[in-house]
Amino acid sequence: MPLDPMPDWVPARRRQIGERLRAARLQANLTQVQLGERIGRDHRTIHRWEYAQRIPDLEDLLLLADAVGVPLRDLVE
């Protein structure tokens, strides 16, 4: 049985989350490499999240919010 197609709003929300992550990282004066080191992920993974090529899971979102010093809701709201 095939999966239902992804709703149209999902890619837009992924881009918004990536943009918010990038803005929070820059506000915290961190490079992608530095942020990756703080949360135990590769800088390429950070890049993929920021440009909506992939989406972080909940655990990663919690680590990201803590690492850049913002509430989780600021990344996903």
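The values are calculated or read from the model by the stated rules, or taken from the named source; none is laboratory data. What you see is a predicted model, and the numbers here were worked out from it, not measured in a lab. Glycine also receives a Cβ, built like all others from the backbone with ideal geometry; neighbour counts cover every protein chain displayed. Areas reflect the complete protein model, heavy atoms only, side chains present, ligands, DNA and RNA absent. Shrake-Rupley method; radii C 1.70, N 1.55, O 1.52, S 1.80 Å.
Surface composition of the chain: carbon and sulfur atoms hold 52% of the protein heavy-atom accessible area at a 1.4 Å probe. The length gained on full extension between ARG44 and GLU77, counted as 0.36 nm times the residue separation minus their Cα-Cα distance, comes to 9.5 nm. Each label was represented as a point 7 Å from its Cα along the Cα-to-Cβ direction; for GLN16 and TYR51 these points are 2.3 nm apart. By the helix-only formula, in which each DSSP H run with n ≥ 4 contributes -39500 (n - 2.57) and the sum is divided by residues, the chain has a 222 nm mean residue ellipticity of -19500 deg cm²/dmol. Using only side-chain charges placed at the Cβ, +1 for Lys and Arg and -1 for Asp and Glu, the dipole size of the chain relative to its Cα centre rounds to 240 debye. Need one word for the stretch 31-77: rounded, prolate or oblate. Basis is the Cα gyration tensor (sqrt eigenvalues a ≥ b ≥ c); a/c below 1.5 gives rounded, then a/b vs b/c decides. Taking the square roots of the gyration eigenvalues as a ≥ b ≥ c, the stretch 31-77 is oblate.
Per residue, the chain exposes 71 Å² of solvent-accessible protein surface, assessed with a 1.4 angstrom probe and all protein chains in place. Taking 7 Å steps out from each Cα toward its Cβ at ASP4 and ASN29 produces label points 4.7 nm apart.
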